[in-house]
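The values are calculated or read from the model by the stated rules, or taken from the named source; none is laboratory data. Everything numeric in this text was worked out from a predicted model, so none of it was measured. Cβ placement follows ideal geometry from the backbone for every residue including glycine, while neighbour counts extend to all protein chains displayed.
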Amino acid sequence: MNKEQQYIYKEDNLTDSEPNKFNYNELKSEEMIINLGPQHPSTHGVLRLEVLSDGEIIKDVVPHIGYLHRCFEKHAERLPYNQVIPFVDRMDYVAAMNSEHAYAMGVERMMGITDQIPKRVEYIRVLVAEMNRIASHLIAVGTYGLDLGAFTPFFWIMRDREHILRLLEWVSGARMLYNYIWIGGLFYDLPVGFEQRCREFINYFTPKVGELETLLVNNKIFIDRTANVGVLPLNLAINSGITGPMLRGSGLRFDLRRVDGYSVYPELEFEIPIGEGKMGTVGDCWDRTWVRVREIYESLRIMRQCLDKLEGEHKRTRDFDPQSVVPKKIRPKAQELYVRAENPKGELGFYFIADGKSDIPFRCKARACSFVNLSVLPELSRGVLIADLIAILGSIDIVLGEVDR
Amino acid sequence: MSDHKERIKELISRVVGEPVSEIPNSTPAGYVVPKETLFRVCSELRTHPDTYFDMLSNISGVDRGPEAGTLEVVYHLYSIPFHFSLSIKVVLSREQAAVESLVPVWKSANWLEREVYDMFGIQFKNHPDLRRILMPADWNGFPLLKDYQQDETYRGVKIEY
C-alpha cells in the first residue's frame, strides 16, 4: 500500500475533545457521573448527555452537542442563494419542506417578489409543508413511544409515514431531502392525478390517527409515564425562547402560522390546540404529545382545504408555469432581514445580510428551533429520575441535524 | 404601529442617554446601541410595560471583515403581547470583542451566546457557562470569522474541505 498514512498514534489523541463539565475529583461521595450517548437510541441521534446523579435522582444534566455539525452557516457564505436550499433540507431532515418554505420566503422578501408568487404555487407549498408536518409529528410521537417501551406504535407510524414519503417522492423525486420549493416558485407543478391520490391518503389516514391516539396517547401506561413529568411552566418557556408544540403544550395559543399569517395561511381555517393538563399538569410531557397529535388533525384539515383550492379556484392549467417568477439572478439590495416560520418543532428563523453587490449571502444565520428547545433540558430534568429524563428528552422532539446544523 | 416604534426609540434613547441610530434597511426595524448600555437597554425593554419584549428569539454574530475591523452582535427580540419584533445591534472592535451577557434577562441567551462565542470568539462577560458548543473544545480558531484559516490537521487527522 502506497497510501499516505492518515492517522498516527500519539498520546495526545487519547484526551477528550469534549471534556466533562464536572470534575470526577470534586464530586461528593454519593454523586456520580453517568454518560448517556452519543450512540444511544433514546437520544434520537448523536447527543451526549453528561448526567450528574445521586443514585437514581438527577442533580444536573449537561448536553454536549456538535457531533453532527456540518458548517451550514460557513457553507451558506460561499454559495449563491438558490444553492443553499439543499443545505437547508439537511438541517431538519424529517421536515425539509417546512425549512425550504421558510428559507424561500426569506429570500423572496429580500427580493420584494412576495406579492408576485402565483396563488397556486403558494397553495402547493402549504400542502406539501403540511404533509411534511404530519410526517414529522408522526416520527415525534412514534419514537417517543419507542423511548417509553411501546414498540407497536412505531411500526404503525412508519407504515403511515411511508405513504407521505411516497407522495412527496412523486412530487419532487426525493424521499426526504426534496429541494422542491425554489426561490420564487417550485421545481415542478404537482404530477397529474396527485390531488386524487392525496385525498385517498387523507381518507385512509384520518381514522389511523384515532387508532394511534387510542393505542398510545390514551394508554394507561403511557399516561403514567408522561403525566406530571417534565412540567414546563409558561413563564420559563417564554423566557427560554421555547416555541412550537412545546410552548403550546405549556398553554399559550401561539402559532406563527396564525400570528404572522405568512403565505396563504390567513385564508385557511384551522384551530391551534394547546395543552390543557387533561391528564396532569399543564405543560407536562403528555400535553406536548397530545398537542402534536391534535396538530396532525389540523394539518389534515389544512390539506383538505388546499386540495379544494387546487382543484377549484387555482386549477391546473396547461400554461401554468411554477417557475414563472423564479428570478434569473438573485441579487437582493443591501439589507438585513430576519424571517421566521412555524416548523413542526418550533420557530425556524433565518437572519440574512445581503451586501447588494453579490449573489451570495454575506451572512446567513439559522435560528434552529430544536437547538433552543433543547437548551431547556437541564432546567426540566433537575430532581427527576433517570427514566424520566428519557421521557422529557423524547417529549422535546429534537432532530440533531438541526441542533448542530 | 409606528407610534409604538417611536415610543421604543424614545425609551432606548432615554436609557442610553443620547439619540440612537437606526439600523439601515433592516427588517424588523432595529437600533444600534453602545455596548456599555446593552444590558440596561435590554432589561428595560423586557420589563417596561410599554414594550415588554418577553422573548429573545435569536442572537447572531456578524463579522464585517478585517478591513472594516468590526464585529457585530445582533439580537432579535419579540414581544408576544404587542406582537412586535425588534432588533438590537452592538458594534465591537475585533481586538476587544466583549459584551455583557444577557442570561440574567433571558434564559435563551445562554446557548445562543455560547454559539456566538464558539463561531466568532466574542466574549460574553458574566456568562454562567461560556464554553464552546458546536466545535470541539480543543479546536483552534473561530470558524465564522471572514479571515479564518483552518489548520491542516486536527489531532493528526487531515482536515479536508
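Going by what's in this entry, would A:N235 be described as within 14 Å of chain B (Cβ to nearest Cβ), among the polar types (S, T, N, Q) and out of contact with any Ser or Thr (no Cβ under 6 Å at 6 or more places or on another chain)? Considered against the rule, which asks whether it is within 14 Å of chain B (Cβ to nearest Cβ), among the polar types (S, T, N, Q) and out of contact with any Ser or Thr (no Cβ under 6 Å at 6 or more places or on another chain), A:N235 comes out as yes. The number of residues in segment A:235-256 being closer than 26 Å to B:L102 by Cβ and surrounded by fewer than 17 Cβ atoms within 10 Å (Cβ to Cβ) comes to 2.
Comparison of A:R166, A:R159, A:R175 shows that the only residue that is assigned to a loop (DSSP other than H, G, I, E, B), within 22 Å of the chain's Cα centre (by Cα) and assigned by TED's automatic domain parsing to the domain that holds A:T317 is A:R175. Filtering segment A:247-279 to residues that are acidic (D, E) and within 14 Å of another protein chain (Cβ to nearest Cβ) leaves A:D255, A:D260.
The condition of being of a type in the set (F, W, Y), closer than 30 Å to A:N82 by Cβ and either within 14 Å of chain B (Cβ to nearest Cβ) or surrounded by 22 or more Cβ atoms within 10 Å (Cβ to Cβ) (or both) holds for only one of A:Y188, A:Y180, A:Y144, that being A:Y180. Just wondering, is there one or more residues in segment A:383-401 that are out of contact with any Gly (no Cβ under 9 Å at 6 or more places or on another chain), of a type outside the set (A, V, I, L, M) and not in a helix (DSSP H, G or I)? Yes, there is a match, as at least one residue in segment A:383-401 is out of contact with any Gly (no Cβ under 9 Å at 6 or more places or on another chain), of a type outside the set (A, V, I, L, M) and not in a helix (DSSP H, G or I).
The condition (being at pLDDT 90 or above, in contact with a Pro (Cβ under 7 Å, 6 or more places away or on another chain) and within 17 Å of A:R363 (Cβ to Cβ)) is satisfied by just one residue among B:S87, B:S60: B:S87. Is there a residue in segment A:279-297 that is without any contact (Cβ under 8 Å) to a residue 40 or more places away in the chain, touching a Pro at 6+ places or on another chain (Cβ under 7 Å) and in a helix (DSSP H, G or I)? The answer is yes; a qualifying residue exists. Select from segment A:343-355 the residues that are among the charged types (D, E, K, R) and in a loop (DSSP other than H, G, I, E, B) and write down the one among them that is farthest from A:I238 (Cα to Cα). Here the answer is A:D355. B:L71 meets the conditions (1) hydrophobic (A, V, I, L, M, F, W, C); (2) more than 13 Å from chain A (Cβ to nearest Cβ); (3) crowded, with 21+ Cβ neighbours inside 10 Å in every case but one. The failed one is (2). If only residues of segment B:102-161 that are among the hydroxyl-bearing types (S, T, Y) and at pLDDT 85 or above are counted, the one that is surrounded by the most Cβ atoms within 10 Å (Cβ to Cβ) is B:S108. Could you tell me whether segment A:377-391 includes any residue that is at the interface with chain B (Cβ under 9 Å from one of its Cβ atoms) and surrounded by fewer than 18 Cβ atoms within 10 Å (Cβ to Cβ)? Among the residues of segment A:377-391, at least one is at the interface with chain B (Cβ under 9 Å from one of its Cβ atoms) and surrounded by fewer than 18 Cβ atoms within 10 Å (Cβ to Cβ), which makes the answer yes. Against the test of being under 25 Å from A:D255 (Cβ atoms) and out of contact with any strand residue (DSSP E or B) (no Cβ under 6 Å at 6 or more places or on another chain), the options B:S87, B:S79 yield a single qualifying residue, B:S79. Taken across segment A:52-61, residues that are of a type in the set (S, T, N, Q) and closer than 25 Å to A:S136 by Cα do not occur at all. For segment A:192-214, the set of residues classified as in contact with a Lys or Arg (Cβ under 9 Å, 6 or more places away or on another chain) and either not assigned by TED's automatic domain parsing to the domain that holds A:H137 or not in a helix (DSSP H, G or I) (or both) consists of A:V192 only. Considering A:D397, A:D388, the condition of being under 30 Å from A:K59 (Cβ atoms) and in contact with a Cys (Cβ under 9 Å, 6 or more places away or on another chain) is satisfied by A:D388 alone. Counting the residues of segment B:93-113 that are closer than 20 Å to A:A368 by Cα and at the interface with chain A (Cβ under 9 Å from one of its Cβ atoms) gives 7.
From the list A:C306, A:C369, the one residue that fits, being crowded, with 20+ Cβ neighbours inside 10 Å and within 14 Å of chain B (Cβ to nearest Cβ), is A:C369. Criterion applied to A:S358, A:S370 was being part of a helix (DSSP H, G or I) and either hydroxyl-bearing (S, T, Y) or not assigned by TED's automatic domain parsing to the domain that holds A:V94 (or both), and the one residue passing it is A:S370.
Among the residues making up segment B:38-68, a single one is within 11 Å of chain A (Cβ to nearest Cβ), more than 23 Å from A:F352 (Cβ to Cβ) and either out of contact with any strand residue (DSSP E or B) (no Cβ under 7 Å at 6 or more places or on another chain) or of a type in the set (V, I, T) (or both): B:R46. Restricted to segment A:1-101, the set of strands (runs of 3 or more DSSP E) holding at least 1 residues that are within 14 Å of chain B (Cβ to nearest Cβ) and either within 24 Å of A:V376 (Cβ to Cβ) or more than 20 Å from the chain's Cα centre (by Cα) (or both) comprises A:48-54, A:57-64.
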